[in-house]
Amino acid sequence: MSTTTQTRTRRISQISHGMPTSDGAGVKLTRMLGHQGLNYLDPFLMLDQFRSDNRDDYIAGFPSHPHRGFETVTIMLDGRMRHGDNKGHKGVIGAGGIQWMTAGRGIVHSEMPEQEDGRMWGFQLWVNLPAKQKMTHPRYQEFSAEEIPVEDRPGGPVRVLAGSSAIGTTGPVEQIATKPLLLDITLAPGTEFTEAVPAGHTVFISVYRGEVSDGGETVKDPDLAVLSSGDSVSLKAGPTGASFLLVAGQPLGEPVARYGPFVMNTQAELQQAVTDFQAGRF
Ligand code: FE
């Protein structure tokens, strides 16, 4: 009987340059995932990056709007975002902080800049929920930069936001259906990052400073790269180093019916979401 363990390193299989767009009341952002060229990376529905020093690009924010059937994850790199919802939950996400909001059966919330000028920089990731959890009660997990564990690796710091890293650090975001791993990685010039990731999970990276290479393809700030199947990731930073998010999760393999801020499994459920929202049942 063979006891050999084979490691298959994931390669860069697709690069998304993103689509400039605007959302909310006119916030300029770049849609890295959830556009025509890269529509759905099961279980990940969308990734937006917002990055601007110009207040006019973000000051209008995202006034009151609904969500049902999935999770929104806000990762702030710089600046401050205030949120509040119709269930009485409110707070401010600051630089280095994360909010993982399980919208479930429905919330109506606003996300507004908590600053008049300066840099606003961060990401919003949308993660799908399995059919059996789409109508769960809304839930928040929110952590400041100080509450997020940092691994001191040879190439640089790795912030563990969700899931457990291969060397045993567990992030504060927990009990998420799709078993995500969310790492925020910084590498010094020319150094390497390696990590085990479950085979069968969807994995992508979103580079926000410098560039990384798998030995063949190179992904540069601000691009997103989908990684092929395999059970490990190995990436090397370019000559100016790199910073990137690594996102992994278990695919759901369920039908997706999507209409703006509602993500369900069938058209009938979508129609019900619109009806419920209009009737004030969120
Ligand atoms: Fe929202």
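The values are calculated or read from the model by the stated rules, or taken from the named source; none is laboratory data. Computed from a prediction, not measured in an experiment: that's the story for all the values here. All Cβ positions, glycine included, derive from the backbone under ideal geometry; neighbour counts span all protein chains shown.
A few points about this structure:
- The one condition in (1) of a type in the set (Ser, Thr, Tyr); (2) touching a Phe, Trp or Tyr at 6+ places or on another chain (Cβ under 7 Å); (3) part of a loop (DSSP other than H, G, I, E, B) that residue 243 fails to fulfil: (3)
- Complete set of residues in segment 120-150 that are surrounded by 16 or more Cβ atoms within 10 Å (Cβ to Cβ) and among the charged types (D, E, K, R): 134, 142
- Residue match in segment 95-110 (condition: surrounded by fewer than 23 Cβ atoms within 10 Å (Cβ to Cβ), touching a Ser or Thr at 6+ places or on another chain (Cβ under 8 Å), within 22 Å of residue 158 (Cα to Cα) and modelled with pLDDT of 95 or more): yes
- Here the condition is being among the aromatic types (Phe, Trp, Tyr), farther than 18 Å from residue 29 by Cα and within 11 Å of the ligand (Cβ to nearest atom); of 62, 70, it holds for 70 alone.
- Qualifying residues in segment 79-137 (those that are aromatic (Phe, Trp, Tyr) and farther than 21 Å from residue 68 by Cβ) - the one farthest from the ligand (Cβ to nearest atom): 121
- For segment 172-184, the condition holds for at least one residue, the condition being that it is without any contact (Cβ under 8 Å) to a residue 24 or more places away in the chain, of a type outside the set (Lys, Arg) and either assigned to a loop (DSSP other than H, G, I, E, B) or crowded, with 22+ Cβ neighbours inside 10 Å (or both).
- Extreme residue, farthest from residue 106 (Cα to Cα), among residues of segment 253-264 that are away from the ligand (no atom under 16 Å from the Cβ) and surrounded by fewer than 19 Cβ atoms within 10 Å (Cβ to Cβ): 253
- Qualifying residue in segment 267-280 (condition: within 22 Å of the chain's Cα centre (by Cα) and surrounded by fewer than 21 Cβ atoms within 10 Å (Cβ to Cβ)): no
- Close pairs (8 angstrom Cβ cut-off, 6 or more residues apart or separate chains): in contact (Cβ under 8 Å) with a residue 24 or more places away in the chain in segment 42-59, part of a helix (DSSP H, G or I) anywhere: 50/57
Condition check ((1) closer than 21 Å to residue 128 by Cα; (2) under 20 Å from the mean Cα position of the chain (by Cα); (3) of a type in the set (D, E, K, R)) across all residues:
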residue: 77; (1), (2), (3): no, yes, no
residue: 80; (1), (2), (3): no, yes, yes
residue: 91; (1), (2), (3): no, yes, no
residue: 111; (1), (2), (3): yes, yes, yes
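- Any chance residue 241 is at positive phi and surrounded by 18 or more Cβ atoms within 10 Å (Cβ to Cβ): yes
- Scope segment 129-161; condition part of a loop (DSSP other than H, G, I, E, B) and either in contact (Cβ under 8 Å) with a residue 60 or more places away in the chain or closer than 30 Å to residue 266 by Cβ (or both); matching residues: 129, 130, 134, 135, 136, 137, 138, 155
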